[in-house]
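The values are calculated or read from the model by the stated rules, or taken from the named source; none is laboratory data. For clarity, every value in this text was computed on a predicted model and none was experimentally measured. Ideal geometry is used to build each Cβ from the backbone, glycine not excepted, and the neighbour counts take in all protein chains shown.
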Amino acid sequence: MARNDNRNVSPRTTSFAGKRPELAGDMPDSFRAAPPNRREFDHARDRYISLQLKAMEQTEAQRRGESERSGRGSEMVKLNKPFPELRPKHEQAPIRQAFNRAWLREQREARLAELERQREREQHNAIQQQAIEQSAKGMEREWARKAKEQHAPQR
């Protein structure tokens, strides 16, 4: 008869109390009143899931506003916001060419700025590495000097 009771309960339940109908509703009031912790778990388990959940809470305009504040986005598009406009074909080509030239110029400048920042970071890291190596050598010399003083025979 006990086997029959277990078959009637959902197989997704893994707890002992969930498989026993007489124990299934036996939950303390404090557990029922506690806030759900699934959200905190989702944010803590994976950085990318956390970022995705935070982005889903925002509107599209808010997400775009954040990207503009963080220095991302095209300055050219912000200044000359394109909008559809009917023009003859012979007028579209120069406009498209001018836009493409400005776009490529802006992309090149952004890439050069990124390379410059990368060079500065590498130089800064190299300077820090040299300082660490020099301090390590100085500490080794100090330890060697102290070791000589300690182990030197006294006269």
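A few points about this structure:
- Residue match in the range 71-88 (condition: of a type in the set (A, V, I, L, M), at pLDDT 75 or above and assigned to a helix (DSSP H, G or I)): no
- Scanning the range 106-121 for residues that are of a type in the set (S, T, N, Q) and modelled with pLDDT of 85 or more turns up at least one hit.
- Near pairs, Cβ below 6 angstrom, 6+ apart or cross-chain, from the range 57-85 (not assigned by TED's automatic domain parsing to the domain that holds D42) to any residue that is polar (S, T, N, Q) and at pLDDT below 70: G73/S67
- Unmet requirement for I95, which otherwise passes all of (1) within 31 Å of the chain's Cα centre (by Cα); (2) modelled with pLDDT under 90; (3) surrounded by 10 or more Cβ atoms within 10 Å (Cβ to Cβ): (1)
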